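So the structure is just underneath, and the comments pick up after that.
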Amino acid sequence: MDKDKKKSNMALVALGSFFMLLPIAFMLVTGIIKSVQSGILRMDFLTPAEFFPVVFVGSFMLFIAGRRVGRFTVLLRTLTMIVVISLIASQGAAVFTGLASGAIEAEGWPIVLVIGLLITYMAATIVQGITGIIMLIKMRNE
């Protein structure tokens, strides 16, 4: 691979990884600040879901870079599908069960389902961002 193509691929991977991990880092930083200010643990666990457009762009960038480099393509495709499906499913479950409208209390199996799907979304986002970092390290060492 020529030097310019390698640099552009590395930039794509670095930016994609940054976009994948930015919502998680933002949630943690703002949670720490709010927790210190209030004296109790406060963290907005919906923040990564609200940043979905950023996550999707990062996911797409990593997938394209993975295909161009020929690394982690199956893993990145699978993680992208998990990210998209788990977020859509969590929102659908919240609407379907009445949690989104406040028609039912946030308790029991509906909240467990919605939170579980959001945890799946965040875990897949983190794993995809870390996969991008690993891919960047391997590209740099070539």
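None of the figures in this text is laboratory data; all of them are computed from the coordinates on show. In this text the structure is predicted, and so the values were computed from the model without any measurement.
Odds and ends about this structure:
- Derived from the Cα gyration tensor, the three semi-axes of the equivalent ellipsoid of segment 8-56 are 27, 11, 5 Å, largest first.
- Note that segment 2-10 has calculated 3J(HN,Hα) couplings of 6, 5, 5, 5, 5, 5, 5, 5, 5 Hz, one per residue in order, obtained from phi through the Karplus relation 6.51 cos²θ - 1.76 cosθ + 1.60 (θ = phi - 60°); glycine and proline are x.
- Normalising the average separation of contacting C-alpha pairs (under 8 angstrom, six or more residues apart) by the number of residues puts the relative contact order of the chain at 32 percent.
- Euclidean distance of C-alpha centroids, segment 69-142 and segment 32-68, integer Å: 11 Å
- Segment 56-67 - phi-based ³J(HN,Hα) in whole Hz, Karplus 6.51/-1.76/1.60, Gly and Pro as x: 5, 4, x, 5, 5, 4, 5, 5, 4, 4, x, 5
- Taking amide H as placed 1.01 Å from N in the peptide plane, Arg42 has its amide H under 5 Å from the amide H of Ser35, each at least 5 places away in sequence or on another chain.
- Across segment 125-136, computed HN-Hα scalar couplings (Karplus, 6.51 cos²θ - 1.76 cosθ + 1.60, θ = phi - 60°) run 5, 5, 4, 5, x, 5, 4, x, 5, 4, 4, 5 Hz from first to last residue, x flagging Gly and Pro.
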